[in-house]
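The structure under discussion appears below in the form of structure tokens.
The values are calculated or read from the model by the stated rules, or taken from the named source; none is laboratory data. Note that this is a predicted model, so its numbers are computed, not measured. Neighbour counts run over all protein chains shown; Cβ positions are idealised from the backbone, glycine included. The protein model used for the area step is the full one, side chains on, heavy atoms only, and it has no ligands, DNA or RNA in it. Shrake-Rupley method; radii C 1.70, N 1.55, O 1.52, S 1.80 Å.
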Amino acid sequence: MTASLVRPVAGADIGAIAQIFQTQLRKSAEPASAALTDYLDQLFVSGPFADPSLPSLVYQRDDGTVAGFLGVTAQPFVLDDKPITAAVCGALMVDGHERDPLAGARLLKAFLAGGQDVSLSETAGDATLTMWRQLQGGVLTRHSLDWVRVIRPGGFAIETMARRVGALRALAPVAGLVDRRMTRGGSERGLRWAALADDFRIAGGVAIEPVSLADFAAQIRRFTDSFPIQRHWSDSALQQVLADLQHKSDYGALRICMVRARGGATLGCFIYYHRPGATARVLDVLASPERAGIVLDCLLRDAADQGAVAVRGRTTPATFDALLERRCLMFRHSASVVAARDPVLVERLKRGDAAFNGLVGERWSRLVGDAFA
């Protein structure tokens, strides 16, 4: 009998991997769709983020069946004109964990032993985080918190409760009455703990300019290369990210806005998904620390105008202090983590010398937020 093993993924494995993804991560008993199967192949085997020298990994049982998977995307960086090979892992999953309790640890250990200069993830849950630390990895603390800013408290409460009891959506008219009272203009520039007042306006003549995906594509390298450790984009990788941004059916419509100063200079940009009466889901806020506050103000104003009841996103070092000042609720849903043989590189990533989370990481992919219908 052949012993169980961890090995690089092959194209023939994708059907089994898609079904594990469907049952373990999507919690569905339905067969995996062809759209999901094709996308997993593109992302981890055949597309621009797949690197044979940094392969995704499968756990194969002694009977030859594929029972576990760890997805890897290669995302190169540059520091002082020297290339840094980064491998970002996600979608760590095992079918029948009780039968193979060490399968996840074996997958993660094999990944961290790869040839990359730095290993990263932005979706490490509690179990993965425990294993990561045991294998000498660290946490990117200021990248690891989700934040929520309530805009309409009644609508937010109804949306939150209706996820468990759908009939509560019938209370929406009552929530509207509460919100009209809570969001009336008043003190503190309209920025309150529990609501965003109707008179909340942006100071300084700043303009919010919605832009197309094509217009944003012309700027993305500029935004993500403004760090000491720069993300090195190939044209094909950038095109896949831009294509994937358009497929987040669970979150709503995509909206991208630039923030312009009075003279026309670009101060930053934000990308989020929205539908009326729901929480807007922020993919990224791109701004320097000194401009993060005004860009976040523009995001909140714009999301309120689009009918959002709240805004939810992920912290970064550049936005962390500004989010605190805007009275955002913060909590850890999953952690952003790092491991590297060079401790100096780890420290530089921890202090925010590279763009990570959102457009650089995992959350841009269709695996986060798309139903693959």
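Each Lys and Arg adds +1 at its Cβ and each Asp and Glu adds -1 at its Cβ; summed about the Cα centre, the chain shows a dipole of about 1300 debye. About its Cα centre, the dipole of the range 234-373 is roughly 260 debye, where the only charges are +1 on Lys and Arg Cβ and -1 on Asp and Glu Cβ.
Ranked highest first by the average count of other Cβ atoms within 10 Å around their residues, in what order do 249-256, 5-12, 298-305 fall? Write out the running numbers ahead of the final one.
Working: 249-256: 16.1, 5-12: 13.8, 298-305: 21.5.
Ranked by mean Cβ neighbours within 10 Å, highest first: 298-305, 249-256, 5-12.
Projected label points at residue 198 and residue 85, each 7 Å from Cα along the beta carbon direction, are separated by 5.9 nanometres.
Here the range 13-53 is scanned for amide nitrogen atoms under 19 Å from the site 7 Å beyond the Cα of residue 246 along Cα-to-Cβ, giving 35-36, 38-40, 42-43, 47-49. Measuring nothing but how far apart in sequence close Cα pairs (under 8 Å, 6+ apart) lie, relative to its length, the range 1-157 scores a relative contact order of 19 percent.
Over the range 188-311, the fraction of Cα-Cα pairs per 10 Å bin, rounded to whole percents and listed from the shortest bin up, is 12, 41, 35, 11, 1. Taking a Cβ cut-off of under 9 Å around residue 87, the surrounding Lys, Arg, Asp and Glu residues balance to a net charge of -2, with basic ones at +1 and acidic ones at -1. Extending 7 Å from the Cα toward the beta-carbon at both residue 341 and residue 373 defines two label points whose distance is 4.8 nm.
Please work out which option in (i) 21.4, 74; (ii) 21.1, 66; (iii) 25.1, 86 gives Rg and Dmax of the Cα atoms in Å calculated from these coordinates, and answer with its label. Label (i) holds the value from this structure.
What the chain shows is 45 Å² of accessible area per residue, with the surface traced by a 1.4 Å probe over protein heavy atoms. With angles folded into 0 to 90 degrees, how steeply does helix 103-112 sit against the dominant principal axis of the chain? Use alpha carbons for both and round to 10. In the chain, helix 103-112 runs at an angle near 80 degrees to the longest axis. Indicate, rounded to the nearest 5 percent, the antiparallel portion of the DSSP beta bridges found entirely in the chain. For the chain, the DSSP antiparallel bridge percentage is about 90.
Annotation: extensible slack from residue 135 through residue 34 equals 32.8 nm (criterion: 0.36 nm per residue apart, minus Cα-Cα distance).
Across the range 76-81, computed HN-Hα scalar couplings (Karplus, 6.51 cos²θ - 1.76 cosθ + 1.60, θ = phi - 60°) run x, 10, 9, 10, 6, 6 Hz from first to last residue, x flagging Gly and Pro. Think of the range 253-341 as having a plus end and a minus end, set by charges on the Cβ of Lys, Arg, Asp and Glu; of 338, 313, 266, 338 sits farthest toward the positive end of this dipole. The calculated 222 nm mean residue ellipticity attributable to helices in the chain amounts to -7500 deg cm²/dmol, summing -39500 (n - 2.57) over DSSP H runs of n ≥ 4 and dividing by all residues. Positive-end ranking of 135, 208, 372 along the dipole of the chain, with charges on Cβ about the Cα centre, is headed by 208.
Computed 3J(HN,Hα) for the range 321-337, one whole-Hz value per residue from the Karplus formula 6.51 cos²θ - 1.76 cosθ + 1.60 where θ = phi - 60°, is 5, 5, 5, 4, 5, 9, 6, 8, 6, 10, 7, 9, 9, 8, 10, 8, 10, glycine and proline marked x. Between the residues 43, 53, 28, the greatest Cα displacement towards the positive end of the dipole of the range 21-72, with unit charges on the Cβ of Lys, Arg, Asp and Glu, is found for 28.
If I compute solvent accessible area with a 1.4 Å probe over the protein chains, what percent of it on the chain is carbon and sulfur?
On the way: 9030 of 16740 Å².
With neighbouring chains kept in place, the figure for the chain is 54 percent.
In debye, nearest 20: dipole of the range 1-86 around its Cα centre with unit charges on the Cβ of K, R (+) and D, E (-)?
200
Shown in residue order for the range 14-28 are the 3J(HN,Hα) couplings computed by the Karplus curve 6.51 cos²θ - 1.76 cosθ + 1.60 at θ = phi - 60°: 4, x, 5, 5, 4, 5, 5, 4, 5, 7, 8, 9, 8, 6, 10 Hz (x for Gly and Pro).
Can you give me the angle between helix 172-182 and the longest principal axis of the chain, using Cα atoms only, in degrees from 0 to 90, rounded to the nearest 10? Helix 172-182 and the main axis of the chain meet at about 60 degrees.
What is the range 245-293 by shape, rounded, prolate or oblate, if you read a ≥ b ≥ c off the alpha carbon gyration tensor as root eigenvalues and call it rounded for a/c under 1.5, prolate for a/b larger than b/c, and oblate otherwise?
Numbers: a/c = 2.53, a/b = 2.32, b/c = 1.09.
Here the range 245-293 falls in the prolate category.
For the range 288-373, applying the loop criterion from DSSP together with a ceiling of 11 other beta carbons within 10 Å to the GluC sites (Glu not before Pro) yields 290.
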